[in-house]
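The values are calculated or read from the model by the stated rules, or taken from the named source; none is laboratory data. If you're wondering where the values come from, they're calculated on a predicted model, not measured in any experiment. Because the Cβ atoms are built from the backbone with ideal geometry, glycine has one as well, and the counts that use them run over all protein chains shown. We work out accessible area using only protein heavy atoms, side chains counted, and drop any ligands, DNA or RNA first. Shrake-Rupley method; radii C 1.70, N 1.55, O 1.52, S 1.80 Å.
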Amino acid sequence: MTFLALFLTALYEPEEKKHIYRCPVHPLKKRKVLSHRYIDYAADMTIALSYYKCLDDWEDEKKRTRFLYGKLLKESYDQVKKRYPRQCGNISDSLHALSVIEKQHPQQADAAVNWSGQMLSEVFVFDEKDFFSDSLRKFGFAMGRFIYLMDAAMDYQKDIRKKNYNPLIYMKKKPEEMEEILTDSISLAAGEFEKLPIVTDEHLIRNVLYGGVWQKYYAKFRGKETRHG
């Protein structure tokens, strides 16, 4: 969601407000804060996604801390839902469909990946009537697919150990064999990015899309596909 704020800020170049803020974590030192509508929007989407993540963790693993945190987020989430019913409705519907596949039709791995893409597609669209909404929706969809697959690759051994759902099992792929598929997903996102008239922080966004998203994967898996033959 930090990337979302950066991305939409670079695209729309909104008027920015600066003020001084005392951080609860470091209250002794005042800090400069930058704010505008897209930073606020990314914060709201963080609340929505965090709320549903808590519900998912409680349902799947009965993590009581997540249940309690979800209850703390509920009031804030309800306010976000009133402001952004399209985005929150899509998140809810997509995660429900994803949960059904994971529990009842686990072999439909590609459908699971697509629902993750669908979930994020509307998050990247601040205003569905905006001229750039189609490209932003496609960008979010590709990013959602990539993130789901990347998480599956990084969590592969842990998911097997804990008997959690992982699409790679049903795709008959090992994490070190996923580079080409992951490249296809992030390439679609990069293609949509290149269509947009982004100048501000263009180099930073490009570095994230073409390099940053791969760092942990390369550190953990690059070369293993060769060694294992």
Residue, farthest from Q107 (Cα to Cα), within the range 117-176, restricted to residues that are in contact (Cβ under 8 Å) with a residue 40 or more places away in the chain and among the polar types (S, T, N, Q): S135
Only listed residue being acidic (D, E) and under 21 Å from F141 (Cα atoms), chosen from D57, D78, D93: D93
Per-region count, the range 94-136, residues hydroxyl-bearing (S, T, Y), under 16 Å from N164 (Cβ atoms) and touching a helix residue (DSSP H, G or I) at 6+ places or on another chain (Cβ under 6 Å): 1
Residue match in the range 75-83 (condition: at pLDDT 95 or above, hydrophobic (A, V, I, L, M, F, W, C) and touching a Leu at 6+ places or on another chain (Cβ under 7 Å)): no
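With the requirement that a residue be part of a helix (DSSP H, G or I) and either of a type in the set (G, A, S) or farther than 25 Å from Q215 by Cα (or both), what does the range 119-136 give you?
From the range 119-136, those part of a helix (DSSP H, G or I) are 119-121, 133-136; that's our starting set.
Passing the criteria: S121, S133, D134, S135.
Yes or no: F139 in a loop (DSSP other than H, G, I, E, B) and at pLDDT 95 or above?
On the way: in a loop (DSSP other than H, G, I, E, B): no; at pLDDT 95 or above: yes.
No; evaluated as a whole, the condition is false for this residue.
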Test: residue in the range 102-118 that is more than 26 Å from L182 (Cβ to Cβ), modelled with pLDDT of 90 or more and surrounded by fewer than 20 Cβ atoms within 10 Å (Cβ to Cβ): yes
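If we scan the range 151-171, do we find a residue that is within 18 Å of the chain's Cα centre (by Cα), open to solvent by 20 Å² or more (accessible area, probe 1.4 Å) and not acidic (D, E)?
Of the residues in the range 151-171, the ones within 18 Å of the chain's Cα centre (by Cα) are 151-155, 166-167.
Filter again for open to solvent by 20 Å² or more (accessible area, probe 1.4 Å), leaving 151, 154-155.
Within this subset, residues satisfying the condition of being not acidic (D, E) are 154.
Within the range 151-171 (the criterion being within 18 Å of the chain's Cα centre (by Cα), open to solvent by 20 Å² or more (accessible area, probe 1.4 Å) and not acidic (D, E)), the answer is yes, since at least one residue qualifies.
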Any helices (runs of 4 or more DSSP H) falling wholly within the range 1-107 and containing at least 2 residues that are within 30 Å of I198 (Cα to Cα) and free of Cβ contacts under 8 Å to residues at least 12 places away in the same chain: 85-104
